[in-house]
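Where a number appears in this text, it was derived from the coordinates with a stated rule and is not lab data. A quick note: this is a predicted structure, and the numbers were derived from the prediction, not measured. Positions of Cβ are generated from backbone atoms using ideal geometry, with glycine treated the same way; all protein chains shown enter the neighbour counts.
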Amino acid sequence: MKIVMLAYPGFTPLDLMGPLQAWSLWPDAEIQVVWKTDTPIPTDTGMPIVPTHRFDNCFDSPDILFAPGGTKPTIDLMSDPEVMAFLKDKGAKAQWVTSVCTGALLLGAAGLLEGYKATTHWAAHSYLEAFGAIPSEGRYVIDRNRATGGGVTAGIDFGLALVAQIAGDELAKTIQLAMEYAPNPPFNSGSPAEASEETIERVKGIFAEASS
């Protein structure tokens with residue numbers, strides 16, 4: 001599997017690291033983390049990452065194209081013609097076009113989700129329709145050759161689900177056990193359906209501030 005994973009200044013690293021960790025255990029997978037340059041770029045945690053490849057030297061026709069999300073930097077990237085051209089080009093050639101969290105908005109802005117069921121972070125779910133996507137609930141949504149994950153931590157579920165879709169359940173189960181992925185959170189507050197109204201409003205406020 002030849003995998004191209006977009007990175008960009010200000011993105012949320014766990015969006016990328018969840019599927020990256022799962023896919024790194026995929027036998028014979030070749031993974032490229034790609035940006036315009038191969039110098040360190042900041043993430044929204046303050047921790048920089050170093051892309052392995054640039055737009056001009058990554059796989060021309062990847063099996064999987066992946067986009068992670070974030071807040072304002074992701075919104076700003078939707079107006080970057082070089083990034084949109086890159087996503088359109090690779091998306092037209094890739095066997096799978098995928099994202100986690102608001103990375104779906106990048107795919108949508110590049111015209112890659114029109115007519116497809118898709119999901120994203122719950123706080124951005126309503127924006128999918130503006131790109132011609134069909135908003136759908138779920139930790140991950142797979143529609144033909146489009147696979148999208150919900151917010152941040154959903155990237156692990158998404159990553160395992162895509163392995164299962166392409167290579168079978170047994171490999172995905174093996175990777176899950178190797179990662180010891182057995183979620184047991186200390187609180188039932190991980191989705192709007194479980195969280196209190198007060199918690200939901202606080203999170204909306206955090207995102208509003210981060211996106212302004």
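For segment 135-149, give me the residue count where each residue is surrounded by fewer than 24 Cβ atoms within 10 Å (Cβ to Cβ) and in contact (Cβ under 8 Å) with a residue 24 or more places away in the chain.
Number satisfying all stated conditions: 5.
Condition first: under 25 Å from Asp157 (Cα atoms) and in contact (Cβ under 8 Å) with a residue 12 or more places away in the chain. Now tell me which residues in segment 43-58 satisfy that.
Those that are under 25 Å from Asp157 (Cα atoms) and in contact (Cβ under 8 Å) with a residue 12 or more places away in the chain: Thr43, Asp44, Thr45, Met47, Ile49, Val50, Pro51, Thr52.
Within segment 38-57, can one find any residue that is in contact with a helix residue (DSSP H, G or I) (Cβ under 6 Å, 6 or more places away or on another chain), of a type in the set (Phe, Trp, Tyr), assigned to a loop (DSSP other than H, G, I, E, B) and closer than 20 Å to Thr98 by Cα?
yes
Going by what's in this entry, would Ala109 be described as among the aliphatic types (A, V, I, L, M) and without any contact (Cβ under 8 Å) to a residue 40 or more places away in the chain?
Taking the combined requirement at face value, the residue satisfies it.
Sort out for me the helices (runs of 4 or more DSSP H) sitting completely within segment 131-212 that have 3 or more residues that are under 24 Å from Ile75 (Cα atoms) and of a type outside the set (D, E, K, R).
Passing ranges, in order: 154-167, 197-210.
On the given criteria, is Thr199 touching a residue at least 40 places away in the same chain (Cβ under 8 Å) and of a type outside the set (D, E, K, R)?
It is false that Thr199 is touching a residue at least 40 places away in the same chain (Cβ under 8 Å) and of a type outside the set (D, E, K, R).
Test each condition in (1) more than 30 Å from Ile206 (Cα to Cα); (2) among the hydroxyl-bearing types (Ser, Thr, Tyr); (3) touching a helix residue (DSSP H, G or I) at 6+ places or on another chain (Cβ under 8 Å) for Ser99 and report the one that comes out false.
Result: Ser99 fails condition (1) only.
Could you check how many residues of segment 1-19 are outside any loop (DSSP other than H, G, I, E, B) and touching a helix residue (DSSP H, G or I) at 6+ places or on another chain (Cβ under 7 Å)?
Residues that pass the stated criteria total 8.
Out of segment 29-86, which residues are among the aliphatic types (A, V, I, L, M), touching a Pro at 6+ places or on another chain (Cβ under 6 Å) and under 12 Å from Pro9 (Cβ atoms)?
Residue satisfying the conditions is Ile41 alone.
In segment 71-106, what residues are of a type in the set (Ser, Thr, Tyr), outside any helix (DSSP H, G or I) and surrounded by 24 or more Cβ atoms within 10 Å (Cβ to Cβ)?
Thr98, Ser99, Thr102
Report the residue count in segment 24-37 for those that are in contact with a Phe, Trp or Tyr (Cβ under 7 Å, 6 or more places away or on another chain) and part of a strand (DSSP E or B).
4
Of all residues in segment 133-161, which are of a type outside the set (A, V, I, L, M) and under 21 Å from Ala178 (Cβ atoms)?
Scanning segment 133-161 gives Arg139, Tyr140, Gly149, Thr153, Gly155, Asp157, Phe158, Gly159.
Read through the list (1) without any contact (Cβ under 8 Å) to a residue 40 or more places away in the chain; (2) part of a strand (DSSP E or B), then give the number of the only condition that Phe66 fails.
Failing condition for Phe66: (1).
Would you please name the residue that is surrounded by the fewest Cβ atoms within 10 Å (Cβ to Cβ), looking only at residues in segment 107-134 that are within 21 Å of Lys204 (Cα to Cα) and hydroxyl-bearing (Ser, Thr, Tyr)?
Ser126
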